[in-house]
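The values are calculated or read from the model by the stated rules, or taken from the named source; none is laboratory data. Quick caveat: nothing in here was measured; it's all calculated off a predicted structure. Here the Cβ positions follow ideal geometry from the backbone for every residue, glycine too, while neighbour counts run over all protein chains shown.
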């Protein structure tokens, strides 16, 4: 899409113009907080090599990953920005072992789960990273973990922000999937990819970490083998940053999957066995 620079459609303008969300002022306010957090994280990522934010912090997060300095900063930025929205009851972050209770009053409407900086293991070599988030409506007046432990079909909105050659946010609130690119000259996300759909004639690409092939179950191993030996073999593409791999899959088509394996920690028994985007 060619952006009309004389009349740019900002994220805020696009959201407020959507009739399906116009009456949900609280969600609009929450989007503004997420937008601000992603702008600040984007700035931190771009300056990381000059501000001493490369390298490990020396600890592990709730999922067993080595924590980077930038992980901690991105996590703090996202948490603090969401708190100021006053619309969040509870947050769950990949970087925190316990839920973060913000406001359990009846006035709050939403719960959010997020990874503040997916793919941060790649940050030192300047490969794209991203923020992932999922928003649920609280389902109990008294509050509790049941508010955040909801199935995907109960999502109110979800999206990601990718920090690469440009900063792009992809969002859905149930009325299409839309992409916005951060214009650094005006400091706003501008609509650049309206109504994203996987192409009807997708590229034959599969994306997974084949370094773990020996640790996968027989069915998954066989699936990868069939991708390689089909009459029209699939090409392999794997960045190692889920946001980047999913973004490519949305725009070009293909398959992204992250199978469970034999070396996973105990927490993974709660995760889906395999995650696929077609």
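Some notes on this structure:
- Restricted to strands (runs of 3 or more DSSP E) entirely inside region 132-245, no element has at least 3 residues that are farther than 19 Å from residue 39 by Cβ and free of Cβ contacts under 8 Å to residues at least 24 places away in the same chain.
- The criterion of at least 3 residues that are buried (at least 18 other Cβ atoms within 10 Å of the Cβ) and at pLDDT below 90 is met by the following helices (runs of 4 or more DSSP H) wholly inside region 1-106: 69-85.
- Members of region 233-265 found to be surrounded by fewer than 18 Cβ atoms within 10 Å (Cβ to Cβ) and at positive phi, listed by number: 240
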